[in-house]
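What follows is one structure encoded as structure tokens, with my remarks underneath.
Every number here is computed from the coordinates shown, using simple stated rules; none is lab data. No experiment lies behind these values; they were computed from the predicted model shown. Backbone-built Cβ (ideal geometry, glycine too); neighbour counts: all protein chains shown.
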């Protein structure tokens, strides 16, 4: 059996040459194996990845590598023989743990083997130009293969030390890599190391298994038990890794989502603040515009509506029908309020006007004095001008000059004759301008004239503001400035809430009660003005357009509710909300409900039909060829891919039935791709599974039960209904729930059916829907997002959360199934 | 119960007949479903080959299109002048099935042998539910497993940058393999356990150890059942959808020799892509879905029929 020639234990330690000879002899049979192992193992990556496209390269590499391995094998074998020199055959090699020297020799040997291996393969790799772009990956592989190689050489009692060494090397390697400054975290390196170490152990176990099978029949069984256990629990192992990963991702979810939510809360708060500010800006602007508007109303000579309004009201009171009297009373009350406001304002204005007049009188006096002085000067200048002109006319007579002289003399006489000499100056100002051209004096005179003219022609108090401003500009005067302030304040009051701004309403009311041309006209004017401000394209719209957009944008963010950032808070949010384009806002509520709905419909459809079919197949055996056909058909249906069921469902339920219903009853709330259709599609999918499970359960019912019932005179159906079905119930129940959990986990048919990914409504029988697996599918596929320069697989974390919820749901269903089955079984003990 | 006893004999007979008819209806529904599936797929496929609503077609003749469908190496749906050759999709599908088979068949078979021949009852009672747990995990979760664990934590460390990340056929095949392990294991175990005890006793009497008995006597005796389980499992791998759609990507490309390190569309992932995308109903791109599904349906159906045949043979031997 063993490849080694049987030898007797040597009496004395053999010489070095003997050992070398034995090494060569041993290696002869292993050369081919070594070459093959090398080709397969070292070039596995190359073959899979197609590093080097040509097969011949691979072959050459393999042969060369095999040779290198073989060469490196020799010293290893030699060292091994040295360490176990007193033993005879490989299968009986026993390691002497007590001997320190042997342990040391073993360690040295292993190290040397590893070193020579690494060196040789590395050199070979360089020589062949085989360098993966990622140096670390190459090293990983080398270490891995080196360990495998060592494992191949070790006797089986080294299994555990070698496993430990493998684990250690990988963990240390990972730690070292993290220490060097790799961009992956230590924990991740550790995890990767663990995974790789496990992989090594698996390879190790495989290699050891091969070796045992090669060596000894007596070990075969034990070896196979090990391999069998490994194979059996491979799935469990994968499941554990997956659970670890999911737990990790869920942890990340709980780490990042509260952060993102907090960030969003901050943004919302900021937006709220901004919004307040912007709204204040808008209010200020509006106030200002309102004021302007009111000013326009007043200036537009619409400031005397009250008497007319009152008149209209009086008239209306007499003529209006009784049902309108109430309105009139209201309007009167309104008017009284307005009157009061108006009276007060008017009184204030009167007082202000009085003071204003007094101050204007003062000003007038001042300017009169100035004018007087100016006029005296004018008189003097005029006298001088007359004198020179008289001399000029006397020297050379000229009719035009004579005329001018006469005029000057007349004015002069008037000035001399008048009590206030400036009055004729003003009166003949134009003429006087012809006499002389002193700009400074003239300007002063002109201003005084304007002021006086205005004062003389009008005492309209509403224009005072402007006049004062003009007066102030002409001659700065603290008193005038003060007055102006007072008047402005009063005017403000007049423009206030009870002021004329309300006029329009009153006009409208008056017009409704007693239409008159006058009121109509005034109202039209007001409307015109109002359109100018408030109408489309008016002052308000133009001025507020940008602000309104800004506010609307901010409002969206500001209106978001502030969310709880605790772990429990985000989790409950996730469970109770629908999908969203923001990962931290997304939830699974509609998907969860959709899954439950669809599951319910599947159950309601598949169980009766499936059990019925199973009963037909099992209890009506006389069905003959038809039953056989159905049976074969069911077995084949069970193997049809689920996508095909999706196509069937999409065609039958959507295209043939619900699309027509949707078009025929557009208001009935029937969606073409609705819960009912989806549930029935999954029902068809699970039907064969349910039938087979039910068949098995029914078949397990002993026929003695049936015979007993028949003997008591029961009909066929009575036997089935009262005896067979109750006994088969536990089995049917288990099969049903298992197939139901498969249906709930199934996404492919519903993708084909056209269930949507983004459904934000709670599903009902005929509404659109989504289910949990679809939601997971949608999320798992989405790319990572970057927040503040940090790339986070946030959608993937969402998917992991949804997976946890889905798995909990399925586990709960299975638990329910087990409990129900146990109860049913307890009741059914025959 | 009592009211059922009431009524004349004829009435009872009529009732029984009605019930039997109703149950027969339930059974016939499965046949109707099969026929409906075949009808929908065939009608869709015929439409795909014959109708082209004013779209630019690469081939004028229908027969050219049909021929290209089976031998063409380009699948360029969603492009102008699209051609539809199934080979790239078939390649992806077969690669996934091959990788899955490489994982699931040895492991599943070893598990089956261990559980039926070696395992003490306690281990069995623990191992079987564990395996069933694997079978109960939704397939989309397996897809998630592929892109979040298998590719980044197994394949990238092993093969470096040259592996497609996150989408590659290898990871899809691995998870599908894990998914179908329970199927191989339980079906194979059933057939191994069905081998009569006398065969084992005979082998042991001849001096074989347990390993030799299992591998050289029991396994050959149960070979048809094991083969059937392999066929059914591979057919499941061929028809598997969501895990593959997530793990393998959806770009149809023909590479020869096949490279499992790259992303590639399979027939099922292509169907999903068309179904979830914005492809309009009735276009040739959409109808190509039917042709692919039809092809898939006939592959899996023939594998299933083959498996049933093999299984029936084994039943005939030992019953």
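Once the mean of 1/r is taken over each pair of separate Cα atoms and inverted, chain B shows a Kirkwood hydrodynamic radius of 22.6 Å. Look at the stretch A:235-241: the mean tally of other chain Cβ atoms within 10 Å of its residues' Cβ atoms is 6. If the chain linking residue B:212 and residue B:312 were pulled fully straight, counting 0.36 nm for each residue of separation and taking away their Cα-Cα distance, it would gain 33.3 nm. Computed over Cα pairs, the Kirkwood radius of segment A:551-633 leads via Stokes-Einstein (0.890 mPa s, 25 °C) to a diffusion coefficient of 141 µm² per second. Taking the square roots of five times each eigenvalue of the Cα gyration tensor of segment B:184-319, the equivalent ellipsoid has semi-axes of 43, 17, 10 Å, listed largest first. Its residue count N sets the reference 2.2 N^0.38 Å, and the alpha-carbon radius of gyration of segment B:28-128 equals 1.77 times that reference. Only Cα sites of segment A:716-791 enter the Debye sum here, all with the same form factor; the resulting log10 I(q)/I(0) across q = 0.20, 0.24 1/Å is -0.91, -1.07, listed in q order.
From largest to smallest, the equivalent ellipsoid semi-axes obtained for segment A:577-827 from the alpha-carbon gyration tensor read 40, 21, 15 Å. On full extension, the segment bounded by residue A:667 and residue A:286 gains 132.7 nm, given 0.36 nm per residue less the C-alpha separation. Using a cutoff of 8 angstrom between alpha carbon atoms and counting only pairs six or more residues apart, the relative contact order for segment B:182-314 works out to 27 percent. Packing here is the average count of other Cβ atoms within 10 Å per residue, and on that basis the peptides A:562-574, B:141-153, B:194-206, highest first, run B:141-153, A:562-574, B:194-206. Size estimate for segment B:77-203 follows the Kirkwood approach: the inverse of mean 1/r over distinct Cα pairs works out to 16.9 Å. Between residue A:566 and residue A:274, the simple spin-label model (points 7 angstrom out along Cα→Cβ) gives 3.1 nm. Test of understanding: in a Gaussian network model of chain B with alpha carbons linked when under 10 Å, which of B:295, B:70, B:286 would top the mean-square fluctuation ranking? Per the Cα network of chain B with a 10 Å cutoff, B:70 tops the list.
Neighbour counts of C-beta atoms inside 10 Å place B:21, A:813 in the sequence B:21, A:813, starting with the fewest.
Dividing the C-alpha radius of gyration of segment B:69-132 by 2.2 N^0.38 Å, with N its residue count, gives 1.94.
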